[in-house]
1. Roughly how many Å² of Leu846 are accessible to a 1.4 Å probe, to the nearest 10?
2. With a probe of 1.4 Å, find how much accessible area the chain has per residue, and write the answer as a whole number in Å².
3. Which of the GluC sites (Glu not before Pro) found in segment 515-598 are in a DSSP loop and have at most 16 neighbouring Cβ atoms, other than their own, within 10 Å?
4. Would you compute, from DSSP H runs of 4+ residues alone, the mean residue ellipticity of the chain at 222 nm, taking -39500 (n - 2.57) per run and dividing by the full residue count, rounded to the nearest 500?
5. Around Gly489, what is the net charge, scoring Lys/Arg as +1 and Asp/Glu as -1 over all other residues with Cβ under 11 Å from its Cβ?
6. If you wrap segment 455-587's Cα atoms in a convex hull and average its projection over all directions, what's the area in nm²?
7. Would you kindly derive the ³J(HN,Hα) couplings of segment 656-662 from the backbone phi angles with the Karplus curve 6.51 cos²θ - 1.76 cosθ + 1.60 (θ = phi - 60°), listing them in order in whole Hz, with x for Gly and Pro?
8. Between Asp804 and Gln557, what is the spin-label point distance in nm, taking each point 7 Å from the Cα along the Cα→C-beta axis?
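The values are calculated or read from the model by the stated rules, or taken from the named source; none is laboratory data. Note that the coordinates shown come from a computational prediction; the quantities given were computed from them, not determined experimentally. Ideal geometry is used to build each Cβ from the backbone, glycine not excepted, and the neighbour counts take in all protein chains shown. Keep in mind that these areas ignore ligands, DNA and RNA; they rest on the heavy atoms of the full protein, side chains included. Shrake-Rupley method; radii C 1.70, N 1.55, O 1.52, S 1.80 Å.
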Amino acid sequence: MPPAKSDKGSRRAMGARMRRLVLATTQRPAVVHDRLPESTATAGLSDQAAATQAEKSPAGLDASAIAQLRRLGSKRGQDVLARLARLFLDNAAQLTAALREAASRQDIQAVAQSAHVLKSASANLGALVLSRHCAAIERAARAGQIEQFDTLLREFEPVASAATHSVECLLTTEVRQPDTARPAVRPAVRRKHILIVDDDAAFRLATREVLESEGFDTNEAASGDQALAIIGDQQPDLILLDALMRGMDGFETCRRIRRHQRGQTLPLIMVTGLDDVSSVEQAFHAGATGFATKPASYPVLIQQMHFMLRASETESSLREHKAVLQAAQRVARLGYWRWDQATGLFELSENLREMCGIPQQDFPGTPEAFLRMIHGDDRARVDAHLRAAVSDRQLQAFDYRIQGQREQPLVVQQDLEHIPTANGFSLLGTVQDVTEQRRDEERIRRMAYFDALTGLASRSHLMQHVEDTIKIARRREEHFTILFLDLDGFKDVNDSLGHDVGDLMLVRIARRLQRVIRDVDFVARLGGDEFCILLDDNGDELDAAEVATRCLEIVNQPIDLARQRWRPQVSIGLARFPEDGDTAGLLLKAADSAMYAAKQNGKHRYAFYRPQMTEEAERRLRNEQLLREALEKGEFEIHYQPQIDLHSGQIVAVEALTRWRHPQLGLVMPGDFIPTLERIGLIRDLGNWVMRTACHQAMAWMAEGIPEMRIAVNISPLHFHDPGLLEAVQSALAAAALPAHLFEIEITESSVQSGSSALQVLRQLRALGIRISIDDFGTGYSSLGSLKHLPINSLKIDRVFVADMLDNDQDAVMLGTIVAMSHALGYAVVAEGVEQREQAAVLAALNCDHAQGYLFSRPLAAEQIPALIARGSFMPSELPVPSRPTAAGGRDA
């Protein structure tokens, strides 16, 4: 039975939707219907001529299809219509017999295939009624409706017979007129090569004739296997591929073509009589770039082919340009990355991934992953540049190193650019590998600025560095020193051992000088046996003299050369900026003159350009040596000064004060040796000795029956920041078995101004149970507000406030304010430098807790303290007016 009308309507609606989808997806732009080529348009015939052509069409054949074939034959000078008619007659009987035989066997696939081929062949000649009946049989077969075969075949027989008769009549009545017109001369350009793949010979013939009349070259394949073989031998420009063929169908053929090296980018139009949307989708999924239906509308198909060929040429040109660009970038070691600000996606170019040795699948596509590729030392700087480029649009070029998955990092130069996008912008980074370039630049720079023998800076490099340092020193009003070194007797080494051995000595001397200087200093070889050192600091002449002394010592160490031991000697001249010269040339000249003065005074010594500075430096170095010996010989001793409770008059603590008892100089005060000990790095050793000695002395007094009292020790700021301070305090307390609450450390305001590190040290000391006092309060930069968070116990008011309190009302008011605020914060207050009874009385009236000074006692030796304690009360009203002794070397520090 024929399908119900509702089914036919549904299929017609589906067919209409499928055709709309085909037009929407394959025929762009839509205006192609308005621009049909003259060779296939009907505009070439007048209305009367068209009517005449239609009258010549036998009944049962579509007049427009016959007219189109006649026009094509006329243009080609060939009887295309007759050839197609004969081909139809040759195949129709065979296809009809195959259809009946397959139906009798209920071979659904064979029925569908035979009906499909006959449908296409009949449509080519305009036998549309037969084509529709074949389409109905094909649909029933594909739907598995075997029960409809008998009815459809009964209806098919007369239609097929009528169509055959019409085609036979066409061959009998067709009047062929020879083509006397000369073929049009076409431009001498390469004709596009089209491969037609279809198992319907009639479709191949008609399509070939149409395409060749349009200036195309064609080739034909009757199966998928044959098409693949042709592609292996030659490269077509476009493929027309039937979807339903015997054996390998068009979808599988399309997939295999796409896997072929030559077929990966070929434009391919799938041509089929199937009228369902799923077939269109299947074609595109298989790799088709276009879709056309049978019977083919050749004008539309040709426009579609022209469009795809132009697109293919454009795409091929783009691929070629891309390949050339990639090759050029690869040669130039260029790559790029793109960071989309809307999506956050971070993409790397293929070249950049190859440069970094990173496969595509190993890169997550995030900015964090890109930063992980960068050398650790450069990562924070690159991150800052990228953030500035995004937030502030600061597009700066800069260098950094990319590690990636390489053993050695690449040095790359980075340029940044903003690229507008639909949702904002992308940050584009162009990256060029400049590793070799930077390496060559460094090699050239080293040749120009470094000595080839020793590796030190060259004379030209030194002169440039001195000039740069002078500019900075002038702007900051700073000083610096130049040392000019010349080896003594180096000529003897060259003459006796040869220049090769002499060069070896110069290399070793250069290495020794590098060990003397700091990172901020600069050492150069001027040539021959002359060297120069620039001390890049703002120290005084004596600091420079210390460096010169170390140079003398290290140069004079033995060197084994050619089985001989040598002790090199060097003469050193020192010149200061700006006192001895304000240009690079004048400074070197002054240092050179000072060096010759050192040679004239006996060699292997140093000399300043100004002789008096040489004497001062020598004196200072002698003092340093004496202090080192004093520590070794135990020449330091401790004096103790009491602290008095102003309300009870009792001694509550003693402060340990260091003295240096020199055999010739006598008793030297701390102000004359503490700075030197700090400079030469011995202040820690002295401080630890004082803590240990004071703790033992406190326990010795208690063993004599003296009541408990605190003992306070001053700590230098350098000692306070020493990592071993906490351990030293613990060791001193443990060795003497002194209770921690009887031990107090006094530190200056400047010691606690270094932030969290100082706060951590204070907390650790307080955790031991000791007391902490801020010494000389009021002379630094701290305030009570800044001290309120510190874990301290008391403040010691500097003597400068106490000295003028009786004559200056402002000092008295300030003292009262400090005392009141300290108590509010929970701190005890100690006043230093109390020398008058009136000062003690005013301090007691201001509610100051403790006082220390000559009014009560000057610093005493340890054996004098028990007698002082035995005196009892030290109330201000009962104390005599004190004398004002002054020890050698100045007042107590």
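1. Surface accessible to solvent at Leu846 totals approximately 50 Å².
2. 49
3. Answer in residue order: Glu579.
4. Numbers: 32 runs with 444 residues, N = 893.
The helix contribution divided over the chain gives -16000 deg cm²/dmol.
5. Details: positive: Lys491, Arg567, Lys599, Lys603; negative: Asp486, Asp488, Asp492, Asp495, Asp529.
Computed value for this residue: -1.
6. On the way: hull surface 30.8 nm².
Dividing the Cα hull surface by four gives the mean projection, 7.7 nm².
7. 7, 10, 8, 10, 10, 9, 8
8. 5.4
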